[in-house]
1. Going through region B:145-164 one residue at a time, which ones are among the acidic types (Asp, Glu) and either assigned to a loop (DSSP other than H, G, I, E, B) or outside the structural domain of residue B:93 (by TED's automatic domain parsing) (or both)?
2. Consider region A:147-164. How many of its residues are closer than 16 Å to residue A:88 by Cα, surrounded by fewer than 19 Cβ atoms within 10 Å (Cβ to Cβ) and of a type in the set (Val, Ile, Thr)?
3. Just need a number here: residues in region B:159-200 that are free of Cβ contacts under 8 Å to residues at least 60 places away in the same chain and in contact with a helix residue (DSSP H, G or I) (Cβ under 7 Å, 6 or more places away or on another chain).
4. Only one of (1) in contact with a Ser or Thr (Cβ under 7 Å, 6 or more places away or on another chain); (2) free of Cβ contacts under 8 Å to residues at least 24 places away in the same chain fails for residue B:86. Which number is that?
5. What about residue B:119, is it outside any helix (DSSP H, G or I) and either of a type in the set (Lys, Arg) or at negative phi (or both)?
6. Does at least one position in region B:76-86 carry a residue that is crowded, with 20+ Cβ neighbours inside 10 Å and assigned by TED's automatic domain parsing to the domain that holds residue B:163?
7. Working carefully through the options A:17, A:51, find the one that is free of Cβ contacts under 8 Å to residues at least 60 places away in the same chain, surrounded by 18 or more Cβ atoms within 10 Å (Cβ to Cβ), on the phi < 0 side of the Ramachandran plot and of a type outside the set (D, E, K, R).
Number of protein chains: 2
Amino acid sequence: MPKQVDHRERREAIARALWRVVEQRGVRHLTVREVAREAGFSHGHVQHYFASREEMLSFAMDFASEQTALRVAQGLRELGDAPHPRAVLRLMLTEMLPLHTDARATSRMTAAYVLEALHDKEIHARARDSLAQGHGLVEKLVRQAIADGHIDPGRDPVTETNLLLALTGFTTFLELDVIEPRDVLTAVDAYLDRLFTRSDEG
Amino acid sequence: MPKQVDHRERREAIARALWRVVEQRGVRHLTVREVAREAGFSHGHVQHYFASREEMLSFAMDFASEQTALRVAQGLRELGDAPHPRAVLRLMLTEMLPLHTDARATSRMTAAYVLEALHDKEIHARARDSLAQGHGLVEKLVRQAIADGHIDPGRDPVTETNLLLALTGFTTFLELDVIEPRDVLTAVDAYLDRLFTRSDEG
C-alpha cells in the first residue's frame, strides 16, 4: 500500500475512533490518550499522526464534513440527471440530521466541535468557514430555484436560505427522542412544499 | 438569612460558575474540581451542595431552563394583557436563541447537556422531559391560535409546532457568526408572518 494512502487511512481510523468517543463516552473524554485507546493505538502512535489534540479534532471534523458531502453526492447520483431543486435541498437537509447511523456520528461530531469553537479561536474560524460554505451552497441553489421559477420570486433568497438551514435544529429533538424521525420528515416536506410553488417533481 | 435560601443561593452560584466553565473553557473541563475553582469554593464545599458531577450538571441545566422561563415570563408581562399568539411565540423562540448574554449562557448549557445526554441515560431522560415540556407548551399555543382563527385551520398543529421548534437551529449559525442576529430576527419574522394569517398585532 502506498505510504500516502496508509497515512490517510490511519488518520481516518483515528477520526472514527474519536467519533465513537464523542458518541459513547462524551466530549470530556476527547483527549489524545482516550482516542488512542479507542482506536487500539498507542498514545505515541496517534501523536505521530496528529501533532496536537486540536489538529486531531480538526481533522475529525473535516472528515465528518467530507463524509456528509459524500453521502449527499451519492444521493444526488441516485436522483438522476437534472434533479428538481426541492429534491436536492431535501437531500442536503436530511443528510445533516441524525436520521441514520452515519449521519448521527457526523452530526454529533459537529455538535461537539461547535462547543469547542466557543472557547477556541482557531476551531471557531474553521467551523465557521465550513458552515459558511454550506450556507453559500444552499443560497446558490435557492437563487437558482427562484430564477428558474420553482420558488416565488417575491421570496428573499437570503432569508429562505437562513430558514432552511435553521431546520437543522431538528437535531436536538431527534437526539432526545422528542420528535420522531417520521415526524421530522413530514415537517421538512411540509416546509419544502410551501417553499416551492411547483413541487411536482420533488 | 434563612438556611434554605442560603443553600439555594449557593447552588445557583455554583451553577453560574458551571455555565462560565462551559462558556470559557469548554465541556471537557466540566468537573466538580474545575467548577469549584471557578466559583471560588473548595472542592469539598461544592460536594456539600452536590453529591455528584451529574447532580451538579442537572441542577445547572434546570436552573438554565428556569432562567429562560423567567425571561419569557418577564417578556410576557411587557406584552400586556391578552398578547397576540404571534408575539408570544416570537418571544419564546427568540429567548431560546443566543441573542443576548443571558440567553447565550443558557443556550450553551443546553448544548452541553444534550451532548452529555447521548451517553448518560438519566441526563437523557431529564433533558427529554424538559424539551418535551417546551414542545407541549408551543403545541398548546399553536392549537389555540388555530382555534382562534389566527393560524389557517388547514395547518397541522404538530407539524407547525415541530417546525417552530426546529428554528432553534439558528443557535449554531449565531454562535459561529455565520448568520447575523439581525438576519435571524428577519427570518423568524418572515416565518411567523407566513404562519399567521393575520399578523396585524404581532
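The values are calculated or read from the model by the stated rules, or taken from the named source; none is laboratory data. Worth saying up front: this structure is predicted, and the values here are computed from it rather than measured. Cβ placement follows ideal geometry from the backbone for every residue including glycine, while neighbour counts extend to all protein chains displayed.
1. Within region B:145-164, B:148, B:152, B:156 meet the criteria.
2. Result for region A:147-164: 0.
3. Counting residues in region B:159-200 that are free of Cβ contacts under 8 Å to residues at least 60 places away in the same chain and in contact with a helix residue (DSSP H, G or I) (Cβ under 7 Å, 6 or more places away or on another chain) gives 19.
4. The failed condition is (2).
5. yes
6. yes
7. Of the residues listed, the single one that is free of Cβ contacts under 8 Å to residues at least 60 places away in the same chain, surrounded by 18 or more Cβ atoms within 10 Å (Cβ to Cβ), on the phi < 0 side of the Ramachandran plot and of a type outside the set (D, E, K, R) is A:17.
Quick grid of which residues meet (1) under 18 Å from residue B:122 (Cβ atoms); (2) of a type in the set (D, E, K, R):
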residue: B:10; (1), (2): no, yes
residue: B:42; (1), (2): no, no
residue: B:52; (1), (2): yes, no
residue: B:71; (1), (2): no, yes
residue: B:74; (1), (2): no, no
residue: B:80; (1), (2): no, no
